[in-house]
1. If you scan segment B:193-226, which residues turn out to be in a loop (DSSP other than H, G, I, E, B) and in contact (Cβ under 8 Å) with a residue 12 or more places away in the chain?
2. For residue B:58, which of the numbered conditions (1) over 27 Å from residue A:177 (Cβ atoms); (2) more than 7 Å from chain A (Cβ to nearest Cβ); (3) in contact with a helix residue (DSSP H, G or I) (Cβ under 9 Å, 6 or more places away or on another chain) fails to hold?
3. Restricting to segment A:110-146, name every residue that is under 22 Å from residue A:33 (Cβ atoms), at pLDDT 95 or above and in a loop (DSSP other than H, G, I, E, B).
4. When you look at residue A:58, is it within 14 Å of chain B (Cβ to nearest Cβ) and either farther than 22 Å from residue A:263 by Cα or outside any loop (DSSP other than H, G, I, E, B) (or both), yes or no?
5. Name the single residue that is farthest from the chain's Cα centre (by Cα) among those in segment B:39-87 being in contact (Cβ under 8 Å) with a residue 40 or more places away in the chain and part of a strand (DSSP E or B).
6. In the set A:98, A:69, A:80, A:89, which member is modelled with pLDDT of 95 or more, in contact with a helix residue (DSSP H, G or I) (Cβ under 9 Å, 6 or more places away or on another chain), under 21 Å from residue B:149 (Cβ atoms) and away from every other protein chain (no Cβ under 14 Å)?
7. Looking at segment A:82-101 only, could you name the residues that are crowded, with 24+ Cβ neighbours inside 10 Å and in a helix (DSSP H, G or I)?
8. For segment B:88-123, what are the residues that are more than 8 Å from every other protein chain (Cβ to nearest Cβ), in contact with a helix residue (DSSP H, G or I) (Cβ under 6 Å, 6 or more places away or on another chain) and either assigned to a helix (DSSP H, G or I) or farther than 26 Å from residue A:187 by Cα (or both)?
């Protein structure tokens, strides 16, 4: 079971390699990937340096080209595939069928992984994407552990799951809430609730966070004020104000490690290309220790308090959850 | 340009559903979508019931399509999807690539639904080769985007090989989740939801703390807080759009169907207060131009 760490910059990539990530995933500095944020991601030069750094230590680099090609400039997505291949990265992560087909026909030797943005949640969908030669599928965070286990049984294709990080509660790639409110969505511009629409304001009623002028949340004194990702706001349903869609928490599957290993999950993905190199370093270190401990003695595996403490400190609202994995029902 | 009536995305009881389709049988709509696309637990009507309604509507010269589930997680849902796809009578709207796989393997032509991520001409070419006959554009796409897709299709020589449909009227389906938001809003666990969404035939309103209408909860689906209404945009659809979809939230949709059909002839414009149409104009979906 491979540990796959996020890198939003060359220092983050180096930190992940140094702390024992088996592979690192990254994106180019444009809207061909789903973390298209200012100051983030890789140029040709830093990507080359990153690939060399990882390869020197026998680690692999995955490049996410996982937004959807625009009809008037699809070539930018095809160029990103070419670049991934030419720079010598090991894996292309894609979701758009146009991009997958382009990669499959032009660079058949390039290993293809299906991005979570393709939202393949069932065997029939996996079989559909398999025709492009996809070797691994990254599963959306909407599935329960049992559903993941069923899929592992029903398909020969490698499965990768999210192990830690910010939690998306919608089927990824099939959520337009962000463009409904701001005009920009993960699928079209590579960002959810983009930072340029965020505004913070101290008011008599508390600290307010707004996205494109819409009030997302209002925080009292001492409350942890998180980034106004729109699905994590407090809204009003018939007079009751609550986190209607989702609380600001992070996914943490440390306690599921032995089970994920048992059902043959190929890789554990850490979310957070938008986070700092320090985040990547700490999360990678903790998960490396946990995976190594689990592999050494799966039967006796226990989550160490210090791992949990470290991960909680790095989490949204300092809270973690098993998310959909802990559902016992459909 | 023709019109379609989308499938009922909310959970209505059998009687209301039957009343709706009786009214629809006498309406002037050319195309009809039927069936459950949101939640597999909703069983007021079974597949057999939908096919029966569809067959009756076919006799009234409606072109009928069976819609399929958008988010499939459980094995039982996949089994139902197979039955829907292989129903043998009605053509099918695929709302997940799993459905595309089942239909293309069985060599059954299909409609590519709005829940599929199809954003460019190359995507369309791939699906055309696998039996797509009609494309329902993702709801977030603008006129400009469709124009670019259309130009791209012309270059690939596939422009006239399929129909294009857009959501013209109704609450927009914006997201699908593992979580049932309606059950959550009533403090019910999803496995004990009691099918409570049946109490909200037009979804449950989600407002900001300042009273802005943001969303409508519809089970696992999150919809737009206001109705998208592209009646004033019909002239700008010429040459790009073959079918305009009316998505029902109540019987009021039939009045709007009449208004849309008249507007197409009279080129009349109406006030859009309380509606949104931003997506079509390449801005925030919730805004109105």
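The values are calculated or read from the model by the stated rules, or taken from the named source; none is laboratory data. Keep in mind that what you see is a predicted model, and the values were worked out from it rather than measured. Glycine also receives a Cβ, built like all others from the backbone with ideal geometry; neighbour counts cover every protein chain displayed.
1. The answer is B:193, B:195, B:200, B:201, B:202, B:203, B:212, B:219, B:220, B:225, B:226.
2. With (1) over 27 Å from residue A:177 (Cβ atoms); (2) more than 7 Å from chain A (Cβ to nearest Cβ); (3) in contact with a helix residue (DSSP H, G or I) (Cβ under 9 Å, 6 or more places away or on another chain) applied to residue B:58, the lone miss is (3).
3. Correct list: A:110, A:115, A:119, A:120, A:121, A:132, A:133, A:139.
4. Numbers: within 14 Å of chain B (Cβ to nearest Cβ): no; either farther than 22 Å from residue A:263 by Cα or outside any loop (DSSP other than H, G, I, E, B) (or both): yes.
For residue A:58, the condition - within 14 Å of chain B (Cβ to nearest Cβ) and either farther than 22 Å from residue A:263 by Cα or outside any loop (DSSP other than H, G, I, E, B) (or both) - is not met.
5. Ranking the qualifying residues of segment B:39-87, first place goes to B:65.
6. Values: A:98 fails: away from every other protein chain (no Cβ under 14 Å); A:69 fails: away from every other protein chain (no Cβ under 14 Å); A:89 fails: under 21 Å from residue B:149 (Cβ atoms).
None of the other options fit; the residue is A:80.
7. Once the filter is applied, which keeps residues that are crowded, with 24+ Cβ neighbours inside 10 Å and in a helix (DSSP H, G or I), segment A:82-101 yields A:84, A:97, A:99, A:100.
8. Those that are more than 8 Å from every other protein chain (Cβ to nearest Cβ), in contact with a helix residue (DSSP H, G or I) (Cβ under 6 Å, 6 or more places away or on another chain) and either assigned to a helix (DSSP H, G or I) or farther than 26 Å from residue A:187 by Cα (or both): B:89, B:90, B:103.
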